[in-house]
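The values are calculated or read from the model by the stated rules, or taken from the named source; none is laboratory data. Small disclaimer: the values here were computed from a predicted structure and weren't measured. With ligands, DNA and RNA removed, areas are computed over all heavy atoms of the protein, side chains included. Shrake-Rupley method; radii C 1.70, N 1.55, O 1.52, S 1.80 Å.
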Amino acid sequence: MKQHKQFVAVLVGRKTGVFNVSRGSTSYRQHITGFAGVRYRYFETHSEAAGWLAENEAERSTQETLPEPIDYKSEIHQNIEGWKKQGKTLYFCFGYAENEIGRGGWRVVRDNGSSIKEWHGGFKKTSKTRMEIYACMMALNYAKKQNSVLLTPAANVLKTLDRNWVDAWKQGGWKKKRGAIPANLDLWKRIHPLQSNKPVKYVLLPDLDELLEYGDPITAIQSWMKFKWQSVTKDFGFLDILGTKSLRVR
């Protein structure tokens, strides 16, 4: 059976060493995203990752001479503070699923400058992409004001929303230009009326777990799933896509 690569060795980055990437953890990305000359590699075992670092020890010492990295964390924080001062309401949207397809959940955090509120939800069998879409859908549903900003690390979902592809799909009979049916169409159909009535600014959020003061988004979803698991239901839209025979939910 093929093993999943659970460790990443960062040779050149903001912080070097071996980091665990199992269970959907992405916190290591803050050490490599935007760093000039970054070098890293994924491995199945910790010993393999450590061995690779040891073999390339000489190169690691050159990282101090590299140009200063772009501080994406400071940049997005500055933008967030600026939007708050403008009176905008911010919605941070995250989705997660075990092993990409499995138990999954979504999280939306609303920050209107004076208070912070969050919502969670999940399903017994779903996909990460569906949970990312679901989080954005719920944010649009919760949005009361037009001067809202929706932020998510889900690049493809954001692109679909920002370029208003959903409206184009509806005009084309819920099909793409070449006749293909969009994936997760049941969710996009629910998003369409929400998106049409609420002009929203869409922003790609750097996928750094420790970027925001609201906490690690994946850990927050996992914690919710741990304590609320018995109350979640099946994602029937996902079951319809793959067929219930191949997805027996325990």
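Over the stretch 82-163, what is the relative contact order in whole percent, taking alpha-carbon pairs under 8 Å and six or more residues apart?
Details: 162 pairs, mean separation 27.6, N = 82.
Relative contact order for the stretch 82-163 comes out at 34 percent.
Note on ILE181: accessible area is roughly 120 Å² with a 1.4 Å probe, heavy atoms of protein only. Taking each of LYS85/LYS189; LYS15/LYS124; LYS125/LYS170 in turn, the alpha-carbon distance tops 32 angstrom for LYS85/LYS189; LYS15/LYS124.
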